[in-house]
Amino acid sequence: MGIRIANLAVTCALFGACGDDSNLEPVEDVPATLINPLEVWSFSPTDVWILDGSSFVHRFDGSEWSMLGTNTSGGLTCIYAVSANDVWLCAGDEVLHYDGATFTASDVTTPTGLDGLTAIWATGPNDVWVVGDDAIVAHYNGTTWERTIVGSPFKSSIWGSGPNDVYALSTFDLSHYDGNTWTEVEFDAGGGGGDGQVWGTSASDVWLMAGDDTAWHFDGSTWSPTEFELQDFNAVWGSAPNKLWAAGSPGAVAHFDGSWHSLALQDFGAPYLRQMLAVHGSSETDVWVVGRQLGEGGSTGLIYHIGP
């Protein structure tokens, strides 16, 4: 089944002239079993993982799709990889670790009370962080899971530049860990995340996509806002500080090369809403965006690829 996206307006009008030659194309011949893409991770152009809330990982090898079973009863909802042989996934009340051959499950809910796992981040097997629907940040030190109450409930994202520089995003606040203490990040306005994402390339290059029309950037000393017209971004990834991609609604995809340029925007007045949920790549010439179109009879999966 090929996924084709009709009425996709490619425009640079909202952000000024485009400053790159990126192509944004719908992915063809996606298997019928992949109907609700939630997360994507590209290790290389020939090794792409997509999660759809089932217990299977959908893998693309550059030409063919396959399904990788995980032997878990929980649906897969989030992913973070340190390398292709050190992959972490959320699965119900468990975290799964993949070593390149085998999945190993670790119970998070029983020792920490954390439920509804939504996001995970790690620096390695002895430093894993996970958040969910509660105001709990769970941390794995290689032996045991420990919990800390941080900010408000309903966390959607966790990311850090290292073990002593970690951010956790909640509906109403963004919290920062310096290796000893969690503190709330102060903004002039806003700062909550809803279903947004916090992500960066270093401690002095951090982005907050809060699921609304304002993105926040931290340069190591100051948080500064960028406002977008008629577009709400909730996901971001990049290969370098000036090579970023953001995704959101309605059908919005944008590229940052020092300033933001729109690559895609759903036609205004279109009958169905397109929500882009996640973006990831292995390089600036291999970027994937996944999401869904909400319409009559349910939702339809959307998968784009950005390449040369």
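Quickly rank 203-215, 100-112, 131-143 as a protection proxy: mean count of other C-beta atoms within 10 Å, highest first.
Top to bottom by mean Cβ count within 10 Å: 203-215, 131-143, 100-112.
What Kirkwood radius, in Å to one decimal, follows from the Cα pairs of the chain?
In the chain this quantity evaluates to 19.4 Å.
I want to check the label-to-label distance for SER44 and ASP178. Put each point 7 Å from Cα in the C-beta direction and report it in nm to one decimal.
Distance between the two pseudo-spin positions: 4.2 nm.
Leaving ligands, DNA and RNA out of it, report the carbon-plus-sulfur percent of the accessible area of the chain at a 1.4 Å probe.
Working: 6100 of 12790 Å².
Ligands and nucleic acids excluded, carbon and sulfur give 48 percent.
Contour minus end-to-end for GLU146 and MET67, with contour as 0.36 nm per residue of separation and end-to-end as the Cα-Cα distance?
My answer for the length gained is 25.2 nm.
Please tell me the relative contact order of the range 150-298 in percent, rounded to the nearest whole number, where contacts are Cα pairs under 8 Å and at least six residues apart.
13 percent
So what's the net charge close to PRO111: Lys and Arg +1, Asp and Glu -1, counting the other residues with Cβ under 11 Å from its Cβ?
Here the count lands on -2.
If you roll a 1.4 Å probe over the heavy atoms of the protein chains, what accessible area per residue do you get for the range 97-224, in Å²?
With all protein chains present, the range 97-224 gives 42 Å² per residue.
If you filter the range 249-278 for chymotrypsin sites (Phe, Trp or Tyr not before Pro), then keep DSSP loop positions with at most 15 other Cβ within 10 Å, what is left?
Numbers: sites: PHE256, TRP260, PHE268, TYR272; in loops: PHE268, TYR272.
Answer in residue order: PHE268, TYR272.
Percent relative contact order of the range 57-191, based on C-alpha pairs within less than 8 angstrom and at least six residues apart?
Once normalised by length, the contact order is 13 percent.
Evaluate 2.2 N^0.38 Å with N set to the residue count of the range 259-308, then give the Cα radius of gyration divided by it.
The reported ratio for this selection is 1.30.
Counting only other residues whose beta carbon sits under 10 Å from that of GLY307, what net charge do I get with K and R as +1, D and E as -1?
Values: positive: none; negative: GLU25, GLU284, ASP286.
Once positives and negatives cancel, what remains is -3.
Quick one: if you take sqrt(5λ) for each eigenvalue of the C-alpha gyration tensor of the range 204-270, what semi-axes come out, biggest first, whole angstrom?
Taking √(5λ) for each Cα gyration eigenvalue gives 21, 13, 9 Å.
Two decimals, Cα atoms only, Kirkwood Rh: what is Rg/Rh over the range 85-183?
Working: Rg = 12.5 Å, Rh = 13.2 Å.
Computed over Cα atoms, the ratio is 0.94.
Which sequence of HIS176, HIS255 reflects their accessible areas, 1.4 Å probe, from the largest down?
Correct descending sequence by accessible area is HIS176, HIS255.
Roughly how many nanometres apart are two label points built 7 Å out from the Cα toward the Cβ at THR300 and THR102?
Modelled inter-label distance: 4.3 nm.
Which three extents, in angstrom, do the Cα atoms of the range 35-103 have along their principal axes, listed largest first?
Principal extents (largest minus smallest coordinate, Cα): 33, 27, 17 Å.
The values are calculated or read from the model by the stated rules, or taken from the named source; none is laboratory data. Keep in mind that what you see is a predicted model, and the values were worked out from it rather than measured. Quick reminder, even Gly has a Cβ in these numbers, built from the backbone with ideal geometry, and neighbours come from all protein chains shown. Surface accessibility is based on the protein's heavy atoms, side chains included, excluding ligands, DNA and RNA. Shrake-Rupley method; radii C 1.70, N 1.55, O 1.52, S 1.80 Å.
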